[in-house]
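Here is the structure we will look at, set down as C-alpha cells.
The values are calculated or read from the model by the stated rules, or taken from the named source; none is laboratory data. Fair warning: this is a prediction, and the values are worked out from it, not measured in the lab. Backbone-built Cβ (ideal geometry, glycine too); neighbour counts: all protein chains shown. Calculation scope for accessible area: heavy atoms of the full protein, side chains included, ligands and nucleic acids excluded. Shrake-Rupley method; radii C 1.70, N 1.55, O 1.52, S 1.80 Å.
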Amino acid sequence: MADNHLVIMAGGIGSRFWPMSTPAYPKQFIDIMGCGKTLIQLTADRFNGICPMENRWVVTSQKYTSIVKEQLPEIPEQNILSEPEARNTAPCIAYACWKIKQRHPEANIVVAPSDAFVLDVEEFRRCIKVALDFTQTGTAIVTLGMKPNRPETGYGYICSGEKLPDQEIHQVESFREKPDLETAKKYLAAGNYLWNAGIFVWNVHTITAAIRQYAPQIAGVMDELSPSLYTDREAEELKRLFPTCDKISIDYAVIEKASNIYVLPAEFGWSDLGTWGSLHTHLQQDTDGNAQVGQDVKFFDCKNCVVHTSEERKVVLQGLDGYIVAEKDGYLLICRLEEEQRIKEFSQD
C-alpha cells in the first residue's frame with residue numbers, strides 16, 4: 001500500500017447539472033445525493049484502505065483549489081495541483097504523474113474522476129486492488145469496464161477480448177465512441193462490451209513511457225517543467241508551460257493507441273452522474289417514481305420527477321409527469337426530463 005497513489009481529476013464544470021452545478025461551484029463539490037458528503041469526498045473515501053493519505057493527489061483548476069482544501073483537508077496541501085488553464089485529461093494526468101515519479105519512482109497509480117457515483121464500495125475496492133496487483137510490475141495499463149445493464153447511448157464502450165489465464169482481466173480489442181440506440185442494443189446483446197468509466201490503473205514508469213511514445217509534445221513540456229517541480233519556481237513555470245500542452249484527452253492521446261491495454265470487467269453500481277436522468281435513477285424513488293433531494297418536498301399527482309431544492313424550506317409540486325425541478329442561488333429550472341440535453345442552452349445568460 002505504501003507505493004499506491006491516487007490521482008483525482010477535479011477540473012470539470014458539470015454544465016449538464018445546471019442550476020445546481022455552475023462553473024463557479026461545479027457538481028463534484030456538491031452533495032448531489034443528499035447523503036451529507038460531496039461527490040469528491042465520496043471519491044476520496046472509496047480509497048480508504050487502498051492508498052495512504054499522503055499519496056493522494058487532486059488536479060483541479062486554480063479557481064477550485066480553495067474548495068478542494070476545504071472539502072479534503074486531510075490531503076496534503078502540496079498534493080493539490082492547480083492547472084492554470086484547462087487542457088483536457090492528458091496534460092492533467094501527465095503533470096501529476098511526472099510530479100509523482102520524481103519523488104516516488106516505484107509508484108503504482110489509480111486515476112479516477114471526482115464526480116462519479118459507486119453503490120457497492122467494497123466491490124469497488126476489491127476491483128481496484130486486483131488492478132493494482134496486475135500493474136505493480138510490468139507495463140500493463142488497466143481500465144475498469146462497467147458491465148452494462150441497459151443500451152446506454154451516453155457512454156463510450158470498451159470491446160473486451162480474450163481473458164488472461166488465472167485472471168479476471170481481459171485484453172482490450174477496441175474502444176468505441178458513444179453509440180446510437182440500435183448499436184447500443186447490439187453491444188448489450190454481444191455481452192463483451194463494457195462502459196468506459198474513465199478509471200485507469202498503471203505504474204508510473206508505464207504511463208510516463210506511454211505518454212513519451214504516443215504524446216511526445218506533452219512529454220516534452222513535462223520534461224521542461226521537471227526541474228522546477230517541488231521548488232518555489234513551480235507555479236511560475238507551470239503557468240508558462242502548461243498552456244502550451246496539446247489539448248487532448250488521455251483516451252485519444254494514449255489509451256486508444258497503446259498495445260498494452262487491458263480491461264477488468266466490473267459490477268459495483270457505477271454511474272458518472274452526468275445528467276439529471278442518471279441522478280433520478282440512483283435516488284430513492286416513491287411509488288410514483290418521484291425522487292428528491294430536499295428537506296420538505298411534497299408531491300401531489302406527480303410521476304417520474306426528480307427534485308433538487310435543498311436550499312428551500314418547503315416545495316410543493318402538483319400534476320407534473322417526468323420533470324426536473326431544481327433551484328440554486330436564485331436560479332430555478334423546471335424542465336422535462338426528456339429535454340434535459342437542452343440544459344446547456346437554457347443556462348446561457
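If you take all other residues with their beta carbon under 11 Å from the beta carbon of Ala2, and give Lys and Arg +1 and Asp and Glu -1, the sum is -3. Charged side chains reduced to their Cβ positions (Lys and Arg at +1, Asp and Glu at -1) give region 1-101 a dipole of some 280 debye around its Cα centre. Calculated from the alpha-carbon coordinates, region 76-148 shows an Rg and a Dmax of 14.2, 39 Å respectively. Computed per residue of the chain from DSSP H runs no shorter than four, each worth -39500 (n - 2.57), the mean residue ellipticity at 222 nm is -7500 deg cm²/dmol. By a 1.4 Å probe calculation restricted to protein chains, Leu144 has an accessible surface near 0 Å², given to the nearest 10.
Subtracting the Cα-Cα distance of Thr139 and Gln295 from 0.36 nm times their residue separation leaves 51.1 nm of extension gain. Where the accessible area of the chain is counted over protein heavy atoms with a 1.4 Å probe, how much of it, in %, is carbon and sulfur? With neighbouring chains kept in place, the figure for the chain is 47 percent. Please report, to two decimal places, log10 I(q)/I(0) for region 210-349 at q = 0.10, 0.11, 0.21 Å⁻¹ as given by the Debye formula with identical point scatterers on the Cα atoms and no solvent. Rounded to two decimals, the profile gives -0.64, -0.71, -1.17. Applying a length cut-off of 20 Å (Cα extent along the axis) and a mean Kyte-Doolittle floor of -0.5 to the DSSP H helices of the chain leaves 89-103, 121-135. Charged side chains reduced to their Cβ positions (Lys and Arg at +1, Asp and Glu at -1) give region 148-266 a dipole of some 280 debye around its Cα centre. Distance from the alpha carbon centroid of region 254-293 to that of region 73-118 works out to 22 angstrom.
Note on Cys35 and Arg150: the model spin-label points, each 7 Å out from Cα along the C-beta direction, lie 1.9 nm apart. Accessible area ranking (1.4 Å probe, heavy atoms, ligands and nucleic acids excluded), largest first, for Glu173, Glu224: Glu173, Glu224. Taken as Cα centroids, region 10-35 and region 302-349 sit 15 Å apart, rounded to the nearest whole angstrom.
Dipole of region 71-228 computed with +1 at Lys/Arg Cβ and -1 at Asp/Glu Cβ about the Cα centre; of Thr139, Ile80, Val121, farthest Cα towards the positive end is Thr139. Positive end of the dipole of region 147-306 (Cβ unit charges, origin at the Cα centre): among His205, Tyr230, Thr153, the Cα lying farthest that way belongs to Thr153. Under the convention that each Lys and Arg Cβ holds +1 and each Asp and Glu Cβ holds -1, the size of the dipole of the chain around its Cα centre is about 300 debye.
Grab region 231-323 and count how many Lys pairs have their alpha-carbon atoms under 22 Å apart, sequence gap of 8 or more, or different chains.
4
Length gained on full extension, Glu312 to Asp180: 43.7 nm, using 0.36 nm per residue less the C-alpha separation. Along the axis of the charge dipole computed for region 238-331 (Cβ charges of +1 for Lys and Arg, -1 for Asp and Glu, origin at the Cα centre), the listed residues Ala258, Pro243, Thr275 are led at the positive end by Pro243. Secondary structure note: in the chain, about 45% of the DSSP beta bridges are antiparallel.
Ligands, DNA and RNA are left out, and with a 1.4 angstrom probe the accessible area of the chain is 45 Å² per residue.
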